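Notes follow the structure.
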């Protein structure tokens, strides 16, 4: 049974069926953006956190879907003028904000592969990552509180000659760095279609080992993971997703940017999380769907703002030990991230108590099993299979297709089980 056909049996809104069809048609994220821009051009696509100019030097921006599509087209046109090879990795080294989303979409629209580089990485981690993925171009910004990301990249380029272009948003762009704000304004929109669909996808890094290891995920797999997540967390058009997590790894990308594009929701991003920023955001928005790291749950419960949450999606990054939780008094979706290999989303059955179910035992999980299958061996090893777990290792900046097969793939993690319930993953 196809993914879109199986979705017809689910009570979810029609946008899930649309996302399922998009997945089967190998639709890129920028096509999802364009579709929403056509049917709801004045709806907000991205919104930055209040007072972000104090740490970024950039004003808070509210992007409609129409304006987002226009800027993405202009930026993609400029990126194509750099004449990189089709599918070339382009680094995204940005904090959580509208620029990260616009840059990722523009890189994809230009026919290159967005390469997610967490903004908190050290120069040594960055050097290893860009060498492994053979990144020749990186998009960043000039200021992040007391840090200067674009200057850090200039230092990196001095020792790694494969880095040809450094591009940055923001004021006071250093010498040798391309000013993207000016490039967008000065570029006459004229975009060629991407040369190849065969290797269209996104690069992210597994960080469990001593050095970051790159993986390539086709857009079909990214959309499959997004649909699997949306079956459990039913985001609707016009909802507001507030994400505390930047789109720099697979789970954060799925629960934030991809969930908003696939449903036509608004994504509001907290770049430097603090209690004041979250309080202002919640004060401006009546109800939100919050995406946050799992460890923050007790703080959310203690804050007494559950009335502002239509739901909360908590990202639990393995290895993790599940414990009793504070009572959020609102629907909770727990997302178990098995590194970059797969995410498993489950609706919490009882508020304040977290115990994870890996097996496909419910109707919702059974529906999602056409996208992601999960198996636990006798020794506790977790294996995954299906479109949502389709990833490849990288060789010389290109996906090693032969590394992926149709069978079960090890996740690299084991489940700890007590009384039939999963109490942790290691």
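The values are calculated or read from the model by the stated rules, or taken from the named source; none is laboratory data. Model, not experiment: these values are computed from the prediction. A quick note on method: Cβ atoms are made from the backbone with ideal geometry, for glycine too, and the neighbour counts reach across all protein chains shown.
Annotations for the structure displayed:
- Count of region 1-57 residues which are more than 30 Å from residue 149 (Cβ to Cβ), out of contact with any helix residue (DSSP H, G or I) (no Cβ under 7 Å at 6 or more places or on another chain) and at pLDDT 85 or above: 3
- Checking each residue in region 120-142 for being in contact with a strand residue (DSSP E or B) (Cβ under 7 Å, 6 or more places away or on another chain) and farther than 16 Å from residue 163 by Cβ picks out 141, 142.
Rundown of residues vs (1) modelled with pLDDT of 95 or more; (2) out of contact with any helix residue (DSSP H, G or I) (no Cβ under 7 Å at 6 or more places or on another chain); (3) surrounded by fewer than 20 Cβ atoms within 10 Å (Cβ to Cβ), yes/no style:
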residue	(1), (2), (3)
59	no, no, yes
65	yes, no, no
68	yes, no, no
72	yes, no, no
81	no, yes, yes
92	yes, no, no
101	yes, no, no
105	yes, no, no
117	yes, no, no
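- Residue match in region 208-219 (condition: surrounded by fewer than 20 Cβ atoms within 10 Å (Cβ to Cβ) and not in a loop (DSSP other than H, G, I, E, B)): yes
- Test for residue 151: is it assigned to a helix (DSSP H, G or I) and over 23 Å from residue 55 (Cα atoms): no
- Evaluation of residue 228 against (1) exposed (fewer than 14 other Cβ atoms within 10 Å of the Cβ); (2) modelled with pLDDT of 75 or more (one fails), failing number: (1)
- Any strands (runs of 3 or more DSSP E) falling wholly within region 30-134 and containing at least 2 residues that are in contact (Cβ under 8 Å) with a residue 40 or more places away in the chain: 44-48, 89-92, 113-116
- Here the condition is being under 24 Å from residue 254 (Cα atoms) and outside any helix (DSSP H, G or I); of 192, 140, it holds for 140 alone.
- Identity of the residue in region 275-302, touching a helix residue (DSSP H, G or I) at 6+ places or on another chain (Cβ under 9 Å), within 29 Å of residue 338 (Cα to Cα) and in a helix (DSSP H, G or I), that ends up modelled with the lowest pLDDT: 275
- Restricting region 160-179 to residues that are in contact (Cβ under 8 Å) with a residue 24 or more places away in the chain and assigned to a strand (DSSP E or B) leaves a set whose member that is farthest from residue 137 (Cα to Cα) is 169.
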